[in-house]
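Have a look at the structure below, then the notes.
What follows is calculated from the coordinates using simple rules that are stated; it is not laboratory data. Please read all numbers here as calculations on a predicted model, not as lab measurements. Cβ placement follows ideal geometry from the backbone for every residue including glycine, while neighbour counts extend to all protein chains displayed.
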Amino acid sequence: MDVLIQMEKVHKSYGRTTALDQVTVNIPAGKIVGLVGPNGAGKTTMLRALTGLISYGGKIKVLGMEPKKQRADLMERAGVIHDVPILPPWMRVRQLLDFQEQMHPGFRRSRCEDLLQRTSIQSNRKIKHLSKGMKTQLHLSLMLATESEILILDEPTHGLDILFRKQFYKSVLEDYFDKNKSIIVSTHQIEEVEHILSDVIFIKQGQVLLYDSVDNLHRRFIQVVVPAQQADALREFDPLTETSRIGRKVFLLENVDPDKVSRFGEVGKPSLADIFVALMGGEA
Amino acid sequence: MKQFFALLKREFLEWRTVFFVVMGLYVLLLILLAYGSFRLSGALDEHGFSFQRNGREMILQFDQNGSGDTLNVPSDQQGRQFTITDQPKQILEFWGHLLRTILVAVNFLIILLAVFYLADAVFKERSDSSTFYYRSLPVRDSTILLSKLTFGTVGILLLSFVLSVLLVFYIHLMVPGKANAILLANGLSLAQFKYTDLIGDWAAFHVLQLLWLGPFAVYFLFVSTVVKNRPLLTAIGVLILLALAWRYIFGPLGVPNPFTGNFRVFNQVIQDQWLSVPETITSRSTIELFGSFGSYIFSLRSLISVAVAGGLGWGTLYFYKRNIEVS
């Protein structure tokens, strides 16, 4: 499988604060990768390094290009949505489409107009007069109508309501993703994107704690819900976490055969959020 | 190239409100000029100036003191050199100075616009985060900066040139009949101003401005890229401090202050080239009020300006890549 992103000993500091600490990851193409970490973990720094917005130490290749030196070439094949509204507030929607059309050879205006027709965004409105949700919708429509091989989303639904957040990811899945495209999405609200991810990267204090496929994680971690009186038996398996749930105990176990613990209670798949919290040591 | 022009268009669209304000001031200037011309015409009437052409003979009459003096200029003397009497010379000088003042005033107004634009050009997109959008497009940082610099220098000077030339023609049209008649009587019709020379020279002056003020233009863009707030105040403040420091350190040694010196030389060029109206002038000859700035363009000062602008330009690109946000 083609390698989409190569990061080798990538390092970035802001003064005395280390934002990325010797990060090494290789991400293959055709995946939807969640970059998950608490606030200040280094998610935005990593995505900015991947899009050539900041300088860094180490080596990065995205689609075979070095973002620091080939940002313009890379942006011809990559789309980016940030956590804050970044579209020029003084422009009208129509002017934005004109501008995008002139600036990006991969932009399909008719497709963008089709996508915008599904929304309540009018072409003569100024961007500064749109709500935050509308601005994100507009930016997403722009990205979905622009040919690219990778879509990089940095907490794109930050500050938006739950209905819109769900609609956003539905659009990304239905209107963008196919086997030839990849998505990297950073979030600290993992439960929102869990259902769409194929892979996940957990990041904490600039270090990658884990990078694996969601399928592997579900094989590696199991959740066992047992009556309170069975708790001691489960503690023998050295659980990562133990929580209470109305007269029952919930354990998260790593690398334990489900058959060995199924006699104590119900064995199931833990959510990525549970795994994340466990690995973060309760700091999520 | 398509991207470059799209970026230029974007700059215009973003700044058009400011342009409209400048255009408003320009129109106001035109109205004031029309009013001034009207008043001048009235003043000429009040002083009893009149002009008649009787066959080939021109008759200039001025009755300022109620004396009814009349000056007949016989046809056989119309080709000779006349000494310009006080009143017509004042009128001629008025028009000469007006042309120069108007050109410089429009130019100055537009240069102020350039200063405001350049100081805010990068800062504005950094402060509203739209810089992230522009940087998510397949366009090089250098192209974005070059479009801003081109718009703030070539674009704005072009605007200055077009507006000021239009203004000269406007003045020409607005010359009150009587004033022109008096000038004609002395062989000094405004039509004798060599407009092609004037426009050519004015264009060369703009090229010279581009070269000599280039470092200042890039400097303002540089500050816009570096600071976290108040780019215009910072840029001007630092410039003043630098000028004062330079004067304090090098003043006694006689080393010219590079900042104020630039403007001093600029002023000198205008003094050298835009001569006052001569005391005497040959009737029917072309009046060359404006000399050529061409010789100033290919000078050591121009070369130094290009080098300084280049250095500042490199610094601007360096910081543009690093300073994305203002917070």
Which net charge results when you count Lys and Arg as +1 and Asp and Glu as -1 among the other residues whose beta-carbon is under 14 Å from that of A:F168? -1
For each pair in A:K43/A:K181; A:K135/A:K170; A:K12/A:K43; A:K135/B:K321; A:K69/B:K9; A:K12/A:K204, compute the distance between the two Cα atoms and list the pairs where it is over 19 Å. A:K43/A:K181; A:K135/B:K321; A:K69/B:K9
For the pair A:E174/A:E266, report the inter-label distance in nm, with labels modelled 7 Å from Cα in the Cβ direction. 3.1
Report the net charge of residues surrounding B:S130, where surrounding means a beta-carbon distance below 12 angstrom and charges are Lys +1, Arg +1, Asp -1, Glu -1. +2
Per residue of A:84-93, other chain Cβ atoms within 10 Å number on average 5
Using only the alpha carbons of segment A:31-102, what is the convex hull's orientation-averaged projected area in square nanometres? 6.6
Correct semi-axes for segment A:200-270, from √(5λ) of the alpha-carbon gyration tensor and rounded to whole Å with the largest first, are 25, 14, 10
Two-site label geometry, A:S55 and B:T101: point separation in nm, points 7 Å out along Cα→Cβ: 5.3
Based on alpha-carbon positions alone, could you give the equivalent ellipsoid semi-axes of segment A:124-231 from the gyration tensor, as √(5λ), descending, whole Å? 32, 18, 13
Under a Cβ-Cβ cut-off of 14 Å, what is the net charge of the residues other than A:D83 that fall near it, where Lys and Arg count +1 and Asp and Glu count -1? +1
Distance (nanometres) between label positions extended 7 Å along Cα→Cβ at B:A203 and B:V162: 1.5
With +1 on the Cβ of every Lys and Arg and -1 on the Cβ of every Asp and Glu, and nothing else charged, how large is the dipole of chain A about its Cα centre, in debye rounded to the nearest 20? 980
Rounded to the nearest 0.05, what FRET efficiency is calculated for A:F164 and A:R220 with R0 set to 30 Å and r the Cβ-Cβ distance? 0.35
Sites A:E101 and B:N229, calculated FRET efficiency, Cβ-Cβ separation with R0 30 Å, nearest 0.05: 0.30
Counting only DSSP loop positions in segment A:29-100, the trypsin sites (Lys or Arg not before Pro) whose Cβ has at most 12 other Cβ atoms within 10 Å are A:K69
